Amino acid sequence: TAVTATPTIKQVKLERESELRIEVANDMPLRLRLLNGTAEIFGTELPPEMWLTFPPRLKFAVFTWYGATIEMEGTTETDYTADETPMVSYVNVHAVLEGRRNRAKASSSSGSETSQGPRVIVVGPTDSGKSTLSRMLLSWAAKQGWKPTYVDLDIGQGSITIPGCIAATPIELPIDPVEGISLEMPLVYFYGHTTPSQNVDLYKALVKELAQILERQFTGNAESRAAGMVINTMGWIEGVGYELILHAIDTFNANVVLVLGQEKLFSMLRDVLRNKPNVDVVKLQKSGGVVSRTSKVRQKARSYRIREYFYGIANDLSPHSNIANFSDLFVYRIGGGPQAPRSALPIGADPVANPLRVTAVNIDRDLLHVVLAVSYAQEPDQIVSSNIAGLIYITDIDLQRRKITYLTPTAGDLPSKYLIMGTLTWLET
Ligand code: ATP
C-alpha cells in the first residue's frame, strides 16, 4: 500500500482495457478528471476534462476500453493501475441482457411471459463485488436508454438507502460516480436490523412485499417490464443465507443468476436450479480490485451511511430538528415477545414468538439514539406490509415534559404517526 503524503497533481496514462484503482484518503477528498480518451467509473462514462471531487474513503476504479489519460489532484490511500480485470466478461453479460431486453420490448404487445426482460440476481460472498457489478449492469443499460429497476436486498451494506432496509428504485440515468443512486422515489421496506438472522421470517415477508409491489408496477408498465431488474443480495451465503438466496430467486422470479467469485455456491445453485430451464446460472470472476472490509470497517460504513442520509454525502443537507409530545407518536416493534401466555395454550405447546407480531413500544430513554422508520401504514396491523416514507433519528427524550426530539432530513410534518423500531442505532460523530 503506497501512501502519498502531500497533495500533488499526477497524470496516469491507462492502456486499453485497464483500470486505475483508487482508495481516497481518510480525511481529504480527491479531485480527478479525464484528460483525454474515454473512461468510465463502474459503468458511468466520465465527462471530458471536468474535475470531479470524490469524498474521503471512497474506493473506486477508472476503467478504459480504448485508453485514456487521467489527472488526479490530492492524496490517496492507494492508487495503482491494473490491466487484468474481469470487465470483458461483465460487458458480455450486459450484451446478453441487452438482447433479452430488445426481445422483450419487441413482444411487449403480446403481454405474455416473453415481454418480461431479464431479472438478474447477483450473488456471492462478502466483498466479491456484487454491488459494483449490479451498478455497472444498471448504468450500461441506462446508457442505452433502458430504465431497469434496481432492487437492493442487502441490509448490511446496501446502496439505495440506509442499513436495515431493503429497497427498489428505477435507474433512469447512468449512476453518478460521486453521488451514487439518485433517490427520487425509492420503494423502501424497513427491516430494522443489520443481520437477517435477527428475524428471518420478517426479512422474507418484506422481500415478498417488495416483489409483489414491483410485479404490480411491471404489469402496467411495459417499458420497465422489458428493462427488467438487477437484484443485489447480501454476502451471507451459508446456511440461512443460502436459503435466503433461494427465497429471493424464487420470490422475484429471477431468470439470470450471476454468481461472483465462488465455485461452491455456483455449483450448488446450478444443481438446485437444474429443474428450472428458464433460469440461467452464470459464474463470473471476482475483480482483483474489490476491497475487502473487516467487520469493523463495515460497521463504520453503516454509520457513515446513516450520517449521509441526514447530512448528505458532502454535508450538503441540513437536517431538521423537531419536537413532539410522547402522545403524538406511536412506536412499534415487529417480532419478539411470546404470542400468547403459556396458560392460554394447549398443554405441552410452547409459547412461540410470532416473528411478524407488531407490538407497541413505550417511549422511554431506550429510544435515545435509535433510528426509526416512518411507516405508510394507516393502521398498526398494516405495518409489516407497508413501505416506509423515511427515517428519523431520536436525539433527546425528556421524560419530565414528555417530549421527544428527533432529526429528519428535511423540514415538514411526518407523513404518518406510526414509527417502527428495530435494533438500528446511530451515534452522531
Ligand atoms: P458486500 O459484501 O458488502 O455485499 P460486495 O460484494 O457488494 O460487498 P462491493 O461493494 O461491490 O462488494 O465492493 C467492495 C468495495 O470495493 C467497494 O468499496 C467498491 O467500490 C470497491 N471496488 C469494487 N471493485 C473495485 C475495483 N475494480 N477497483 C477498486 N475498487 C473496487
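The values are calculated or read from the model by the stated rules, or taken from the named source; none is laboratory data. Remember, predicted model here, so these are calculated numbers, not experimental data. Because the Cβ atoms are built from the backbone with ideal geometry, glycine has one as well, and the counts that use them run over all protein chains shown.
Of note:
- Residue in region 385-408 that is within 22 Å of the chain's Cα centre (by Cα) and over 24 Å from Arg305 (Cα atoms) present: yes
- Qualifying positions in region 199-222 - assigned to a helix (DSSP H, G or I) and either at positive phi or in contact with a Gly (Cβ under 8 Å, 6 or more places away or on another chain) (or both): Asp201, Leu202
- Residues located in region 223-244, provided they are assigned to a helix (DSSP H, G or I) and of a type outside the set (Val, Ile, Thr): Glu223, Ser224, Arg225, Ala226, Ala227, Gly241, Tyr242, Glu243, Leu244
- The listed residue being closer than 25 Å to Ser318 by Cβ and at pLDDT below 95, out of Leu372, Leu414: Leu414
- Count of residues meeting criterion [part of a loop (DSSP other than H, G, I, E, B) and within 16 Å of the ligand (Cβ to nearest atom)] in region 245-296: 12
- Selected residue [modelled with pLDDT under 95, within 25 Å of Asp316 (Cα to Cα) and surrounded by 13 or more Cβ atoms within 10 Å (Cβ to Cβ)] from Leu52, Leu46, Leu58: Leu58
- Residues in region 209-236 that are surrounded by fewer than 17 Cβ atoms within 10 Å (Cβ to Cβ) and among the charged types (D, E, K, R) were compared, and the one that is nearest to the ligand (Cβ to nearest atom) is Glu215.
- Strands (runs of 3 or more DSSP E) completely within region 91-183 that count 3 or more residues being closer than 27 Å to Thr425 by Cα, away from the ligand (no atom under 15 Å from the Cβ) and in contact with a helix residue (DSSP H, G or I) (Cβ under 6 Å, 6 or more places away or on another chain): none
- Check on Gly239, away from the ligand (no atom under 16 Å from the Cβ), surrounded by fewer than 16 Cβ atoms within 10 Å (Cβ to Cβ) and under 22 Å from Ile155 (Cα atoms): yes
- Yes/no for Thr76 being surrounded by 16 or more Cβ atoms within 10 Å (Cβ to Cβ), within 27 Å of Trp146 (Cβ to Cβ) and polar (S, T, N, Q): no
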